[in-house]
Amino acid sequence: MSRIVLADDHPMIRTAIEVLLRDTAHEVVGTAASAREALEQMQALKPDILLLDLAMPEQGGMSVVRKLKSEGSTQKIAILTAGIDDATLMEARTLGVRGMVLKSSDPAYLIDCLDKVQAGGTWIDPELAGRIHDLSETFSGAKRPALAPRERQLIRFVRQGLRNKEIAAELGVTEGTVKVYLHGIFEKLGVSTRTELAVRADEFLAESFARG
């Protein structure tokens, strides 16, 4: 029996999944409605699997994945989401997310996914697996320089619409440092404006994660 922490901010979704998993080899031992609660539950309960929605309050589901991986956690993670952009899809793969299921898919897929993840394998929704393959093929011959983790983080902030002052506060650096970082990113990626960087952020991030 695998022990699962379920992180989703919609009570009806959490209830539906708990019902779906009854009489299976999986038991929901804790629930969370935000990224903060998910991290707290992971620390307190140490489940076998974290079943994680991406669109949650505060910092979103990927912030949980990044935090756990930065701490060296080996707990298995599966994503259950209504939608996922290319950059997040490739980042999740790079960070070692074991399972990915779309909420629009057959409910049986979720059980298949959890079975495979609990057994130590990987299970990716067929639609998402196709996208990963296509993106990997698209970027396999890319010539742009690789992005460092801090550069990826800055691009995400720009995509979110944060100003330099807000980015500086998030990173604990000065606005001048942020300007220097962004200038280097502009030169590396061949963009000339902040707007262009924001518009093409998904492309740049997806390519970066596709190349590892």
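For all pairs of alpha-carbon atoms in segment 149-210, what percent lies in each bin of width 10 Å, listed from the first bin to the last filled one?
Going from the shortest bin to the longest, the percentages are 23, 61, 16, 0.
Evaluate the charge dipole of the chain about its Cα centre and quote only its size in Debye, nearest 20, assuming +1 on the Cβ of each Lys and Arg and -1 on the Cβ of each Asp and Glu.
Details: 27 positive and 30 negative charges, 163 e Å.
Charge dipole of the chain: 780 debye, to the nearest 20.
By how many nm would the segment from Thr177 to Val199 lengthen if fully extended, with 0.36 nm per residue of separation less the alpha-carbon distance?
My answer for the length gained is 5.7 nm.
Using C-alpha positions alone, give me the convex hull volume of segment 99-150 per residue in cubic angstrom.
On the way: hull volume 6.3 nm³, N = 52.
Measuring per residue, one finds 121 Å³ for the Cα hull of segment 99-150.
For q values of 0.17 Å⁻¹, compute log₁₀ I(q)/I(0) with the Debye formula on a Cα-only model of the chain, without solvent.
Normalising to I(0) and taking log10 leaves -1.17.
Can you sort Val173, Val28, Val65 so the residue with the fewest Cβ neighbours within 10 Å comes first? Present the calculation step by step, with values, prior to reporting the outcome.
Working: Val173 14, Val28 19, Val65 24.
Ranking Val173, Val28, Val65 by Cβ neighbours within 10 Å, fewest first, gives Val173, Val28, Val65.
Peptides 37-45, 15-23: what's the order by average Cβ count within 10 Å, highest mean first?
Details: 37-45: 17.7, 15-23: 13.4.
Output ranking for 37-45, 15-23: 37-45, 15-23.
Between beta-carbons, use under 11 Å as the cut-off and find the net charge around Lys143, counting Lys and Arg +1, Asp and Glu -1. Walk me through the numbers before you get to the answer.
Values: positive: Arg144, Arg211; negative: Glu207.
Net local charge, Lys143 excluded: +1.
FYI, it's all coordinate maths here, none of it is from the lab. These numbers were taken from a predicted model, which means no experiment stands behind them. Glycine gets a Cβ as well: all are built from the backbone with ideal geometry, and neighbour counts include every protein chain shown.
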